Amino acid sequence: MGAAAPVTEYQLKAVFLFNFAHFVEWPPGALAEENSPFVIGVLGKDPFGSTLDEVVRGETVSRHPLAIERYPDVARLRNCQILFIPAAELPHLAQIVDALKSRSVLTVTDGPAPRGVVIALLKEESHIRLRIDIAAAKANNLTISSKLLRPAEIVGAGS
């Protein structure tokens with residue numbers, strides 16, 4: 001047997017997105033109905049390919065089936081609980097934040113996160129490091145588990 005293929009950066013990031021669903025608490029009513037899907041959205045050009053779909057296939061979060069939605073641009077954003085914003089979309093952050101106003105959405109990017117993005121997945125050599133903006137999480141009415149905060153770099157705590 002050959003060695004297992006190395007895990008790619010976006011396979012790892014897909015697993016992070018899936019796990020965030022289990023370590024972040026959304027306010028009551030964030031999911032419209034009891035059987036509504038828990039949606040992970042990807043804005044703009046999707047860097048995951050089929051990897052994200054494969055990671056969440058058949059999985060649930062608090063009895064809600066996980067679903068992936070792709071939004072080609074900000075104008076087409078719909079309801080999602082987690083929104084992945086590729087670094088290439090960060091120049092449109094003001095529009096994105098405006099479109100998400102009054103929604104409890106966990107925003108995640110893989111670029112240097114400006115204020116307003118809750119989690120940045122930063123690649124350093126062969127590792128992915130988390131940077132979590134506590135103020136952005138509070139502004140979106142999200143509670144992040146200490147299990148997720150422990151290994152992360154925390155910013156925005158003084159706000």
Of these, 43, 31, 52, which one is modelled with pLDDT of 95 or more and in contact with a His (Cβ under 9 Å, 6 or more places away or on another chain)? 43
Sole residue being more than 17 Å from residue 15 (Cα to Cα), hydrophobic (A, V, I, L, M, F, W, C) and part of a strand (DSSP E or B), chosen from 154, 96: 154
Kindly provide the set of residues from the stretch 58-96 that are charged (D, E, K, R), touching a Gly at 6+ places or on another chain (Cβ under 9 Å) and within 17 Å of residue 39 (Cα to Cα), ordered by number. 69, 70, 73, 78
Single residue of the stretch 87-110 satisfying the filter (closer than 15 Å to residue 16 by Cα and open to solvent by less than 10 Å² (accessible area, probe 1.4 Å)) that is farthest from the chain's Cα centre (by Cα): 109
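The values are calculated or read from the model by the stated rules, or taken from the named source; none is laboratory data. This is a predicted model, so every value here is computed, not measured. Here Cβ is always computed from backbone atoms with ideal geometry, including for glycine, and neighbour counts include all displayed protein chains. With ligands, DNA and RNA removed, areas are computed over all heavy atoms of the protein, side chains included. Shrake-Rupley method; radii C 1.70, N 1.55, O 1.52, S 1.80 Å.
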